[in-house]
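The values are calculated or read from the model by the stated rules, or taken from the named source; none is laboratory data. Remember, predicted model here, so these are calculated numbers, not experimental data. Here the Cβ is made from the backbone with ideal geometry for all residues, glycine too, and neighbour counts use every protein chain on show. Ligands, DNA and RNA are excluded from the accessible area calculation, which covers all protein heavy atoms including side chains. Shrake-Rupley method; radii C 1.70, N 1.55, O 1.52, S 1.80 Å.
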Amino acid sequence: MNTAKMKLLVGGVLIAGGMTYLGYLSASEAGQYAIGVTDYVTAPARYQGKGLRLAGHTVPGTWQTDGRKHLFTVAAAGGPGVAIAPDAPMIPVRFEGTMPDTFKEDMDVIVAGRMDGETFVATEVMTQCASKYQGVDGNYIETAIKKAAADRS
Amino acid sequence: VTALDRLLGSILTPVLGGASVKLAFFLAVFGLVISIWGAVARREDMIRSGKRAAYAVWALLLLAVLCLERAMIRRDYSLEYVVEQIDNSMPLYYRITALWGGMNGSLLWWALICASFTAACLTVNRNRFKELMPWVTATCCYVLAFLGLLVSFVCDPFLPLSESDPALGFAQLLAQTGDGKGLNPLLQTYWMTIHPPSLYIGYIGFTIPFAFCIAALVTGKVDQEFLRATRRWTLLSWSVLGFGVMLGAKWAYEELGWGGYWGWDPVENASFMPWLVATGYVHSVIIQEKRGMLKGWNVFLILLTFLLTYFGTFLTRSGIVQSVHAFGSGPVGGLLAGFVLSLIVVCTYLVVIRHKILRAENEIEAVLSREATFLYNNVGLLGFMVMVFVGTMFPVFSEAVYEISNGSIGNGKVVVGPPFFNPLAAIITIGLLIMMGIGQLVAWRKTSGAAVRRNFTVPLLVTGVSWIFFLVVLPKEQLASLPFKFPNPWAVAVLVSSVFVIAGIVWEYWIGVRSVQSSHSQEIETAWKSGTRFSPEFLIASGITGSILGWGLASVVLATFPLWTRLVFGGAVGIASLAAAGALSGASRPAFNVMQAAVILFVRNRRRYGGYITHLGITLAIIGITASSLYKIDESHTFTEGETHKMGEFDLTFKGLELRREPGMWRVMAYMRMDKNGEKFGVAYPERRHHDKGDQPTTEVSIHESALRDYYLILEAAADKRIPGSPDKPATVTIRLLQSPLVTWFWFGGVLLLGGTALAAWPERKRKEVTVAVTSPGGVAVPEGAAAKEHP
């Protein structure tokens, strides 16, 4: 191996090592635990102050907003189409920013942020964004069929 | 006619379409087998037969697409896919493009593009690469067979509604409402009509280099011929993929209404990863061409690029990674994983048995050489890809690690988002920019001290001056770690390294021009004497350059005027600069001399300077991304009717709410007047659309684009007594105003990327020997770029 190749190799290893280390730093800094409402409620101490991606179901009648500031509650979801159990664990969420178009009450959402005491402070709210492989929103077919039947009767 | 039409629609279309995809699948399998057989047994007739099979697959898939298109255009609700994608209110335009709106149709479309690339490759190379071609046909047929299998038996777009899974509810929906489900409103936009095809062409185009790579490995001929065969296909796919990624960003920017264009979502990452690896390949392949090195590395990069395109597809269609996009799931994911796995096995086997011929013919001689900078760039690009890969797959990896270490499932899933990607991407990008800048200014093999001084002094001086300039000009921020205010260090680093790249391009070109002037002085003199005041190429170039500059100027001066005024203005400046160029070159001998030399240099080194235009495009895009991410001003305010409020540079007045009924939706539009410094700047109509289908409104933002700054208005909320559920009070709207600098540079950079690559890759005309005859007696007169010309 000639000296140029040696130098190159050392440079390459340094670059690769540096990138790996930076990646590790970033990941430990920016990683968010993806958990559900129940996961949090059963072990709150484990997640206090840590970055979280909390999955839950928005509780009907809890969304208050002035267009920019939002307050709502998410509950542990029983599954698609299953109503929230009366004793389901719930977490209030505070969010300031632009709400996705697709956000509404009574739907599955993921909120990203941190717990602040009893309230979850979200920096981002994600809904199941309508994508290429899905038509208009998930419940559309069901709703449309019901509506058509109601119109006829 | 009607009876015939009905017959065609109800019987023939599903039958013919369904039959042709199935036949295409079997023919692709036949093509695969017969081509390999023919190549091994050296049977010409079998090889020919394989090629014909590939052509037939293309024809059958085309027929199938036409059948499906006919059903969609005619709203033939007897097919499940049509009910899913089409409804009664969709205009013709979206009924045509809804072909790639869903999983099944998009896979058929994908298969057709793949077959078209195969047919084009077979036609272009019909008399070339005799030994490689059967294996190329076989590889393409293998990919086509897989796609045919998916479209025929798993994701059948011709599935009759009567056979549709009742749980999906399509049949019931049609019976009850007499209407289809229809394309998602977010996808009913013109960007979605060009973004997916562009992305697909980019993705699928890599099939051809991949096929040649497999062929080269099988036959053991990883040589110049193999490079010639793959270079243009790779450049085409690479630039179109890059452009497609940018179009996707543009769609997100205009349609999703969150003010950004890139969120490191798995879907975006899936398209970005192959592009990064292919960027490495288009550079390292030059090293193999010039120096016979990196054969194995190049093979690895091509194989990886192609695998990543299918891995990306797997990622987006299997549901393995949770994303804000809802993906289809089902058997497709497993099949795609199996396909990718089969390719990995074949590729690994071929590389292992051919490792001897993949050894380099030469070794790197010096660290300060072009090949060394290319190598570092490759390491950086591959590292970038690995970073994106790790970030995308982080939830999967972290969960696996948790499960292994704790022995239980759950709660270990860690997701990373933009805070993970952004700083890493910035660091790597700065490194890549610096390498790009150095690479342009150093020679192959090694660079002498004199050449380093000649090439680097001026660009480094310019860079140094720009550094001071940015420190003074950029807005200062209070950094946590420093006692005084300082401009954002990321911005300074990116901008200064970008200046280094651009200064390098300009300086290198200037050195080249001077060199052509001296070496071609006689040729230029003859042209001058013979009355040739300018060459046609030069006129065209100056016209185009003038038009682009005029467009840029108009974007600043006429920012609020409609697009056509900017286009007209740009055209006018173009014509003016054309006239000026003509006059200037005719009037003054030295000016003619320089310009003629500049034209000669570009025309004779199109590959190199086309590449530099691409570099310029990438650099401008990076500047745009940096500026718009770091210096975005984001404000929000709730207006009552008639209220004026200062936001950013503007006094915004809410003049009233307009409600408009259009087919399939209600449009709620806020009429906003924008005043700047007491004068009217313009009006904006940010709106929300309430679609009859589903209860999700969509946001239509109002964007004022200009070369320096985009003004982006979002209607976040609207209340009015005419809107059900709104209070009986004066109308109110919540408006969010984003001021993002230099966003247009990103789009413009994307266009330059495409244009520069086209210039570099466009096939050369058979050059006449005459050009060699005019060289000076001293030796190489047509420099392959002046900076690179010195050899020891």
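Note on chain B: with neighbouring protein chains present and a 1.4 Å probe, carbon and sulfur make up 67 percent of its accessible heavy-atom surface. Excluding ligands, DNA and RNA, the accessible surface per residue across the protein assembly as shown is 44 Å² with a 1.4 Å probe.
Here is the interface size for B with A: some 5000 Å² of accessible area buried, both sides summed, with a 1.4 Å probe.
For segment B:424-444 versus segment B:731-745, the spacing of their alpha-carbon centroids is 33 Å. Bridgeable lysines around A:Lys50 (alpha carbons under 19 Å apart, same-chain partners fewer than 8 residues away excluded): B:Lys413. B:Ile540 contributes an accessible area of around 100 Å² to the protein surface, as traced by a 1.4 Å probe with all chains present.
Surface calculation, 1.4 Å probe, protein heavy atoms: B:Ser515 sits at approximately 20 Å² accessible. By the rule of a C-alpha distance below 27 Å, with chain neighbours fewer than 8 residues away ignored, the lysines paired with B:Lys476 are B:Lys485, B:Lys632, B:Lys646, B:Lys676. A prolate overall shape is assigned to segment B:575-683, the ratio a/c of its alpha-carbon gyration tensor axes (a ≥ b ≥ c) being 1.5 or greater and a/b exceeding b/c. Using the Cβ of A:Val41 as centre and a radius below 13 Å, the other residues enclosed give a net charge of -2, where K and R count +1 and D and E count -1. Once a ≥ b ≥ c are taken as the square roots of the eigenvalues of the Cα gyration tensor of segment B:339-480, is the result rounded (a/c under 1.5), prolate (a/b larger than b/c) or oblate (a/b not larger than b/c)? Since a/c reaches 1.5 but b/c is at least a/b, the shape of segment B:339-480 is classed as oblate. Within a straight-line Cα-Cα reach of under 25 Å, B:Lys295 can be paired with the following lysines, leaving aside sequence neighbours fewer than 8 residues apart in one chain: A:Lys5, A:Lys7, B:Lys130, B:Lys221, B:Lys356, B:Lys446, B:Lys789. Cross-link check: pairs A:Lys104/B:Lys181; A:Lys146/B:Lys693; A:Lys104/B:Lys655 evaluated at a Cα-Cα cut-off of 25 Å; pairs beyond the cut-off: A:Lys104/B:Lys655. So if R0 is 25 Å, what FRET efficiency would A:Gln64 and B:Lys721 give, r being the distance between their Cβ atoms, rounded to the nearest 0.05? For R0 = 25 Å, the calculated efficiency reads 0.75.
Please state the shape class of chain B: rounded when a/c is under 1.5, otherwise prolate if a/b exceeds b/c and oblate if not, all from the C-alpha gyration tensor. Verdict is oblate for chain B.
Remark: spin-label model distance A:Glu105-B:Arg453 equals 7.8 nm, labels positioned 7 Å along the Cα→Cβ axis. The mean of 1/r over all pairs of different alpha-carbon atoms in segment B:108-192, once inverted, gives a Kirkwood hydrodynamic radius of 16.4 Å. The orientation-averaged projected area of the convex hull spanned by the Cα atoms of the protein assembly as shown comes to 45.8 nm². So what is the 222 nm mean residue ellipticity for the protein assembly as shown from helices alone, if each DSSP H run of at least 4 adds -39500 (n - 2.57) and you divide by all residues, rounding to the nearest 500 deg cm²/dmol? That comes out to -19500 deg cm²/dmol.
Segment B:173-221 and segment B:638-710 have Cα centres spaced 34 Å apart.
By a 1.4 Å probe calculation restricted to protein chains, B:Arg607 has an accessible surface near 80 Å², given to the nearest 10.
Residues in segment B:663-670 carry Karplus couplings, in order, of x, x, 6, 9, 9, 10, 10, 8 Hz; the curve used is 6.51 cos²θ - 1.76 cosθ + 1.60 with θ = phi - 60°, and Gly or Pro positions show x. Here the average projected area of the convex hull drawn through the C-alpha atoms of segment B:622-679 stands at 6.4 nm².
For segment A:1-110, the list of trypsin sites (Lys or Arg not before Pro) that fall in a loop by DSSP and count at most 14 other C-beta atoms within 10 angstrom reads A:Lys50. Using R0 = 41 Å, the C-beta based FRET efficiency linking A:Lys5 and B:Leu549 works out to 0.35. Could you pull out which residues in segment B:287-305 have an amide N less than 20 Å from a spot 7 Å beyond the Cα of B:His355, following the Cα-Cβ vector? Only B:293-304 fall inside the zone, counting backbone N under 20 Å.
If one computes the Cα centroid of segment B:144-163 and of segment B:7-75, what distance in Å separates the two points? If we compute the Cα centre of each part, the gap is 13 Å.
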